[in-house]
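These notes concern the structure reproduced below.
The values are calculated or read from the model by the stated rules, or taken from the named source; none is laboratory data. The structure presented is a predicted model; accordingly, all values stated were derived computationally and were not measured. Because the Cβ atoms are built from the backbone with ideal geometry, glycine has one as well, and the counts that use them run over all protein chains shown. With ligands, DNA and RNA removed, areas are computed over all heavy atoms of the protein, side chains included. Shrake-Rupley method; radii C 1.70, N 1.55, O 1.52, S 1.80 Å.
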Amino acid sequence: MKRIISILIENKPGALARVVGLFHQRGYNIETLNVGPVFDGTYSRMTVTTRGSENDVEQITKQINKIIDVIKVSDLTEGEHHEYEFIMVKFKHSEKIQKILKKLNGKIHEKHKHAIVMSAWGTSSDIEIAIKTIGKANLFEIVRSGSIGLHEGEKVLKI
Amino acid sequence: MKLSGGDLLLRALKEEGVKFIFGYPGGAALHIYDSIFKQKACDHILVRHEQGATHAADGYSRATGKPGVALVTSGPGATNAITGLATAYMDSIPLIVISGQVQSHLIGTDSFQETDMIGISRPIVKHSFIVQNTQDIPRIIQEAFHIATTGRPGPVVIDIPKDKTDPSKLYEYKKPKEVSLRSYQPRVSPHPGQIKKACKNILSAERPVIYAGGGVILGNAHKELMALNKLLKAPVTNTLMGLGVYPAKDRYFMGMLGMHGTYQANMAMHNADVIIAIGARFDDRITNTPSLFAPNARIIHIDVDPASISKIINADIPIVGQVKESLNALIKEIKRSKIKIDTEALESWNQQIAQWREKHGLDHELYLKKNKSQMILPQVVVQELYHATNGNAWVTSDVGQHQMFVAQYYHFNKPRRWVNSGGLGTMGFGLPAAMGVKLAFPKDEVVCVTGEGSIQMCIQELSTCLQYNLPIKIININNEALGMVRQWQDMNYGGRHSASTYSDSLPDFVKLAESYGHVGMKVTKKADLKKTLDKAFSMKDRLVFVDVYVDPDEHVYPMLVAPNGSMKDMWIKKNIKA
């Protein structure tokens, strides 16, 4: 089962590597990874998606929690949550691709003779479907932000 | 007064109470070494290989409970410290490794003796620091010691680029009054509800077992464990790392459990209805096949590390907390509870265990018996050692058959007396670890029980022992082979001894010891064993290397049947399953 793990961590050199390394070290895979500084910039918020059973994820979150630089860890998939992913696509003029991306909050950033650059966002399952439907034809490149997410309601990753 | 980075470091170490630094100098660490030269609070022990430094610091830590400190240079100095770090990490030992690093502006340029110490040590440390500002050194040292010693302890690396200890750059010595890390709050108190539940289960148990591990030693909770069992009178087993935390002489002690545990301890675990796991982590050398583990037991698991709970075996009643505090809470709850222990059931359970012991227990009087062969049995060496030292020695070991024989036959009655690499299983650990123990307790008897394979992995430390006058006794159980490897080859590979023998190329250990300035003794006959040991231990101020040739065909039993076996499935003797 797909899991979304949210991590609040010290924004320090090497902190990211500790989290990423742990996944490999404990035999788990990272499917997507997103990280960026938050609040006053001394914190980073990471979102990692992975696959595993409930036990697997419990082990992963416990192990991540043991990393000294980690402040809070939470499995978003445990409860109701918001989850989105952002993509950018460069493609040869194609009505089909434009149409698919428009449905996903698509926006055209650049349009010239050879290529169009568009962005789009949606839930990662919508993004997955879109990527499959787009196929390889007319596609130059595609880049994904990886999932980001928050708990629904009042629940937060508190400092 | 303003200080250089090196002086800041030494003052910070002094304030942490550091008495010994085990180390080896080199380019990137030279400023620090100059600071060492100028002070008196910490003695520097010059080892002969950085692996020796880490194991010696580790041994010091295991014996004293205080963090051990190792200092190495960059590049090869740092990589040589890796095995020692991994050893400490697997056994949760507070070890501080300070590594010199190339100058900041050279980092990332493949400069001379550069290696990414933070990177290569990352999976085997509890935490690591790289010094970016010299004035942070006191705070970093303080944080490193705090992290290493609290919660589940573990090793910490501090990497210091050479320019951060430049003697011409001076700074005020400043550090916070106390450590405060917003991302690390290791103190956890056991949940009262869980304690209540555990108490209820324990008191209504008919076949309880206390399974106590190294965490009880690390948590200094041996008295609490004893107090708990004064109330319960339940059978107790210790892991390899836990030996000594519950006195071996106590009538409720069943011996070690697991791969080479006693028959009664493994049978008791398998047949228990409640297992009280304390500071133990259900290692694969304990559980055998996890799905077949203790089929009828409710598991109560006390550990300071939540990640150790339900990792291998699901805990029915998890208790996250310091062992000492948790046991005290449990004792209080038991005293308060109105549930009466079913003494009749417990009595028949203890009788059942006595019967198991009678049937297939270890023979602790093997040394008294005559057998036809003139060959010395390795178990007898340990038994004679036990008597020669009145059971009071600090014993370190290396890894293999000799380690298991000590665990089985040397009865440890006090915690910390048994110092061995359990988790990582590091050959070469024993001698340097014994140096650390001997420095901590110079008046006590310190013995390194080893094998002719293991001892050669850190044999160079004999030179360190001479330099610092460390009269350790080394008992080399010499079977002219990598015994445990050969045992597996005998049992699982049709006796094909692939790369496990070298009898025609072993050194003359007596001469070797003598060439290092020590005393060497060789024993080949049973009749000479006791008197040689007595003679060795009578030489109080000399390191004595006793090379004992033993029966090379001897195996370690019991041994759990693997794969697909449970804890009740054991080889009891050669070709005999229980």
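Within the stretch A:37-55, which residues are loosely packed, with under 15 Cβ neighbours inside 10 Å, part of a loop (DSSP other than H, G, I, E, B) and either touching a helix residue (DSSP H, G or I) at 6+ places or on another chain (Cβ under 9 Å) or within 14 Å of another protein chain (Cβ to nearest Cβ) (or both)?
A:F39, A:D40, A:T42, A:S53
Does B:K443 meet the test of being closer than 22 Å to B:L533 by Cα and assigned to a loop (DSSP other than H, G, I, E, B)?
yes
Go through the stretch B:34-59 residue by residue and tally those that are surrounded by 19 or more Cβ atoms within 10 Å (Cβ to Cβ) and in a helix (DSSP H, G or I).
The qualifying residues number 12.
Would you list the strands (runs of 3 or more DSSP E) that sit entirely within the stretch B:504-578 and hold 3 or more residues that are over 30 Å from B:A297 (Cα atoms)? Even if it seems obvious, please write down each step before you answer.
Values: elements: B:519-523, B:544-549, B:570-573.
The strands (runs of 3 or more DSSP E) meeting that bar are B:519-523, B:544-549.
Return the pairs, sorted by first residue and then second, in which the second residue is acidic (D, E), the first residue lies in the stretch B:77-96 and is at positive phi, the beta carbons are less than 8 Å apart, and the residues are 6+ apart or on different chains.
none
For the stretch B:120-169, how many residues meet the condition of being among the aromatic types (F, W, Y) and under 14 Å from B:Y184 (Cα atoms)?
Keep residues of the stretch B:120-169 that are among the aromatic types (F, W, Y), which gives B:129, B:145.
Still in the list and also under 14 Å from B:Y184 (Cα atoms): B:145.
Of the residues in the stretch B:120-169, 1 are among the aromatic types (F, W, Y) and under 14 Å from B:Y184 (Cα atoms).
Those residues that are open to solvent by 80 Å² or more (accessible area, probe 1.4 Å), assigned to a loop (DSSP other than H, G, I, E, B) and either among the polar types (S, T, N, Q) or touching a strand residue (DSSP E or B) at 6+ places or on another chain (Cβ under 9 Å) (or both), I need them from the stretch B:333-389; list them, please.
Within the stretch B:333-389, B:Q374, B:M375 meet the criteria.
Output the residues belonging to the stretch B:97-126 that are on the phi < 0 side of the Ramachandran plot, within 14 Å of chain A (Cβ to nearest Cβ) and assigned to a loop (DSSP other than H, G, I, E, B).
B:I107, B:D116, B:V125, B:K126, listed by residue number.
Give the residue, chosen from B:K164, B:K177, B:K126, that is out of contact with any Gly (no Cβ under 6 Å at 6 or more places or on another chain) and open to solvent by 30 Å² or more (accessible area, probe 1.4 Å).
Working: B:K164 fails: out of contact with any Gly (no Cβ under 6 Å at 6 or more places or on another chain); B:K126 fails: out of contact with any Gly (no Cβ under 6 Å at 6 or more places or on another chain).
Only one candidate passes the filter, namely B:K177.
Conditions (1) crowded, with 16+ Cβ neighbours inside 10 Å; (2) under 18 Å from A:P13 (Cα atoms), marked per residue:
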{"site": "B:V97", "(1), (2)": "yes, no"}
{"site": "B:Q101", "(1), (2)": "yes, yes"}
{"site": "B:S104", "(1), (2)": "no, yes"}
{"site": "B:D110", "(1), (2)": "no, no"}
{"site": "B:T115", "(1), (2)": "yes, yes"}
{"site": "B:I118", "(1), (2)": "yes, yes"}
{"site": "B:D136", "(1), (2)": "yes, yes"}
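Does A:Q98 qualify as being facing chain B (nearest Cβ under 10 Å), polar (S, T, N, Q) and either surrounded by 13 or more Cβ atoms within 10 Å (Cβ to Cβ) or in a loop (DSSP other than H, G, I, E, B) (or both)?
No; evaluated as a whole, the condition is false for this residue.
Give me the pairs: first residue in the stretch B:244-258 and in a loop (DSSP other than H, G, I, E, B), second residue of a type in the set (D, E, K, R), beta-carbon distance under 8 Å, and six or more apart or on different chains, which are they?
Listed by first residue and then by second, the contacts come to B:G244/B:K414; B:G244/B:R416; B:G244/B:R417; B:P247/B:K414; B:Y252/B:K233; B:G258/B:D283; B:G258/B:R285.
For the condition within 14 Å of another protein chain (Cβ to nearest Cβ), open to solvent by 20 Å² or more (accessible area, probe 1.4 Å) and either charged (D, E, K, R) or within 19 Å of A:R144 (Cα to Cα) (or both), what is the one hit in A:E83, A:E78, A:E58? Lay out the reasoning, then the answer.
Numbers: A:E83 fails: within 14 Å of another protein chain (Cβ to nearest Cβ); A:E78 fails: within 14 Å of another protein chain (Cβ to nearest Cβ).
None of the others qualify; the one that does is A:E58.
Kindly indicate whether B:G517 is under 21 Å from B:F20 (Cα atoms), of a type outside the set (K, R) and touching a helix residue (DSSP H, G or I) at 6+ places or on another chain (Cβ under 6 Å).
In short, no.
Out of (1) in a loop (DSSP other than H, G, I, E, B); (2) open to solvent by 30 Å² or more (accessible area, probe 1.4 Å), what's the single condition that is false for B:T83?
(1)
Among (1) surrounded by fewer than 18 Cβ atoms within 10 Å (Cβ to Cβ); (2) in contact with a helix residue (DSSP H, G or I) (Cβ under 8 Å, 6 or more places away or on another chain); (3) of a type in the set (A, V, I, L, M); (4) not in a strand (DSSP E or B), there is one condition A:I129 misses while meeting the rest; what is its number?
Only one criterion in (1) surrounded by fewer than 18 Cβ atoms within 10 Å (Cβ to Cβ); (2) in contact with a helix residue (DSSP H, G or I) (Cβ under 8 Å, 6 or more places away or on another chain); (3) of a type in the set (A, V, I, L, M); (4) not in a strand (DSSP E or B) is unmet by A:I129, namely (2).
What is the one condition in (1) in a strand (DSSP E or B); (2) within 14 Å of chain B (Cβ to nearest Cβ) that A:H109 does not satisfy?
Status for A:H109: all satisfied but (2).
Listed residues B:A227, B:A144, B:A234, B:A205; which is at pLDDT 95 or above, part of a helix (DSSP H, G or I) and crowded, with 19+ Cβ neighbours inside 10 Å?
It is B:A144.
Among the residues of the stretch A:12-36, which ones are in a loop (DSSP other than H, G, I, E, B) and within 11 Å of another protein chain (Cβ to nearest Cβ)?
Within the stretch A:12-36, A:K12, A:P13, A:G14, A:R26 meet the criteria.
How many residues are among the basic types (K, R) and open to solvent by 20 Å² or more (accessible area, probe 1.4 Å) when one looks only at the stretch B:458-499?
Of the residues in that region, 2 qualify.
Could you please give the count of residues in the stretch B:97-120 that are free of Cβ contacts under 8 Å to residues at least 40 places away in the same chain and under 26 Å from B:D305 (Cβ atoms)?
Matching residues across the stretch B:97-120 total 1.
With the requirement that a residue be within 17 Å of the chain's Cα centre (by Cα) and either loosely packed, with under 15 Cβ neighbours inside 10 Å or not in a strand (DSSP E or B) (or both), what does the stretch A:113-126 give you?
A:T123, A:S124, A:S125, A:D126, listed by residue number.
Any chance the stretch B:13-29 includes a residue that's in contact with a Ser or Thr (Cβ under 7 Å, 6 or more places away or on another chain), within 25 Å of B:R139 (Cβ to Cβ) and open to solvent by less than 20 Å² (accessible area, probe 1.4 Å)?
yes
Which members of the stretch B:147-161 meet the condition of being buried (at least 19 other Cβ atoms within 10 Å of the Cβ) and either of a type in the set (S, T, Y) or closer than 19 Å to B:Y33 by Cα (or both)?
B:T149, B:V157, B:I158, B:D159, B:I160, B:P161
So which residues in the stretch B:282-306 are of a type in the set (S, T, N, Q), out of contact with any strand residue (DSSP E or B) (no Cβ under 7 Å at 6 or more places or on another chain) and more than 14 Å from chain A (Cβ to nearest Cβ), if there are any at all?
B:T287, B:T289, B:N296
Limited to the stretch B:476-503, what total is found for residues that are among the polar types (S, T, N, Q) and in a helix (DSSP H, G or I)?
Counting residues in the stretch B:476-503 that are among the polar types (S, T, N, Q) and in a helix (DSSP H, G or I) gives 4.
Taking the stretch A:1-11, which residues are open to solvent by 60 Å² or more (accessible area, probe 1.4 Å) and within 13 Å of chain B (Cβ to nearest Cβ)?
A:N11
Could you pull out the residue among B:I339, B:I309, B:I319, B:I331 that is among the β-branched types (V, I, T), within 14 Å of chain A (Cβ to nearest Cβ) and in contact with a helix residue (DSSP H, G or I) (Cβ under 9 Å, 6 or more places away or on another chain)?
Of B:I339, B:I309, B:I319, B:I331, the one residue that is among the β-branched types (V, I, T), within 14 Å of chain A (Cβ to nearest Cβ) and in contact with a helix residue (DSSP H, G or I) (Cβ under 9 Å, 6 or more places away or on another chain) is B:I309.
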